[in-house]
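Contents: one structure, followed by commentary.
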Amino acid sequence: MYQTFLACWCDTHISTPITLTQDSTPENPKIVDSKDFLVELYPDVKPILDFLEEHHIIIFTASRTAKPRIAKEMLKLFGLDKYIYNSEWGYYSKVEHIRQLVENYNSSLKKRESENLTFSEICLFDDEWRNSDVQKKLGVKFCHLPNEQLTWHNFRTGIDGWRRKAAEIN
């Protein structure tokens, strides 16, 4: 989530407590930490999340953050928690994060097995190449963010790649 939605890591750049700035708005939220370090979302993040929500797309977050409490607080202050179905944060790999997210999602809905979320239905947008192992190990579409941020261009490129991959499977 960090370096994808915003230009910092909550476990290395942020000093608590954190608050919204006085000039923060719901459309343009800004967070400041105790050392006056300013954090803003990348410009395309909220519009992309709005698009996904409008199209009933489930959004998970996964992060190796050592400070999940701060990460959760930042999501809430930025107003992003309303978009996120579930999150897995901690030291283990993105493969394990995604396995857990899918398992929790499928078991929570008590659907028939044929209606379960599958790994091939998932895109992981991530700035770190080391996380591309989700594609080989799980069949998740890995969408690398070369400039470390989620933009409309990167989003469309990732979704187009996922569509091509899905067409190959079917």
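The values are calculated or read from the model by the stated rules, or taken from the named source; none is laboratory data. This structure is a prediction, so every number in the text was calculated from the model and none was measured. Cβ coordinates were reconstructed from backbone atoms using ideal geometry, including for glycine residues, and neighbour counts include every protein chain displayed. All accessible areas refer to the heavy atoms of the entire protein, side chains included, with ligands and DNA or RNA removed. Shrake-Rupley method; radii C 1.70, N 1.55, O 1.52, S 1.80 Å.
Can you tell me which residues in the range 125-144 are assigned to a loop (DSSP other than H, G, I, E, B) and open to solvent by 40 Å² or more (accessible area, probe 1.4 Å)? Passing the criteria: only Glu128. Under the condition of being open to solvent by 40 Å² or more (accessible area, probe 1.4 Å) and either on the phi < 0 side of the Ramachandran plot or touching a residue at least 12 places away in the same chain (Cβ under 8 Å) (or both), the residues counted in the range 45-59 number 8.
Considering the range 51-84, the residues that are charged (D, E, K, R) and assigned to a loop (DSSP other than H, G, I, E, B) include one that is modelled with the lowest pLDDT, namely Lys67.
So that you can scan it fast, the table gives a plain yes or no per residue for (1) closer than 23 Å to Cys8 by Cα; (2) open to solvent by 50 Å² or more (accessible area, probe 1.4 Å); (3) among the acidic types (Asp, Glu):
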site	(1), (2), (3)
Ala66	yes, no, no
Lys72	yes, yes, no
Gly79	yes, no, no
Ser87	yes, no, no
His97	yes, no, no
Leu109	no, yes, no
Pro146	yes, yes, no
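Within the range 97-116, is there a residue that is touching a residue at least 40 places away in the same chain (Cβ under 8 Å) and under 20 Å from Leu145 (Cα atoms)?
Going residue by residue through the range 97-116, those that are touching a residue at least 40 places away in the same chain (Cβ under 8 Å) are 98, 101, 105.
Cutting the leftovers down to under 20 Å from Leu145 (Cα atoms) gives us 98.
Checking the range 97-116: at least one residue is touching a residue at least 40 places away in the same chain (Cβ under 8 Å) and under 20 Å from Leu145 (Cα atoms).
Restricting attention to the range 111-124, the residues that are closer than 24 Å to Lys94 by Cβ, open to solvent by 40 Å² or more (accessible area, probe 1.4 Å) and either touching a strand residue (DSSP E or B) at 6+ places or on another chain (Cβ under 6 Å) or assigned to a helix (DSSP H, G or I) (or both) total 3.
Beta carbons closer than 7 Å, at least 6 apart along the sequence or on distinct chains, pair a first residue in the range 143-155 that is closer than 8 Å to Glu128 by Cα with a second that is open to solvent by 80 Å² or more (accessible area, probe 1.4 Å) and not in a strand (DSSP E or B) for His144/Trp129.
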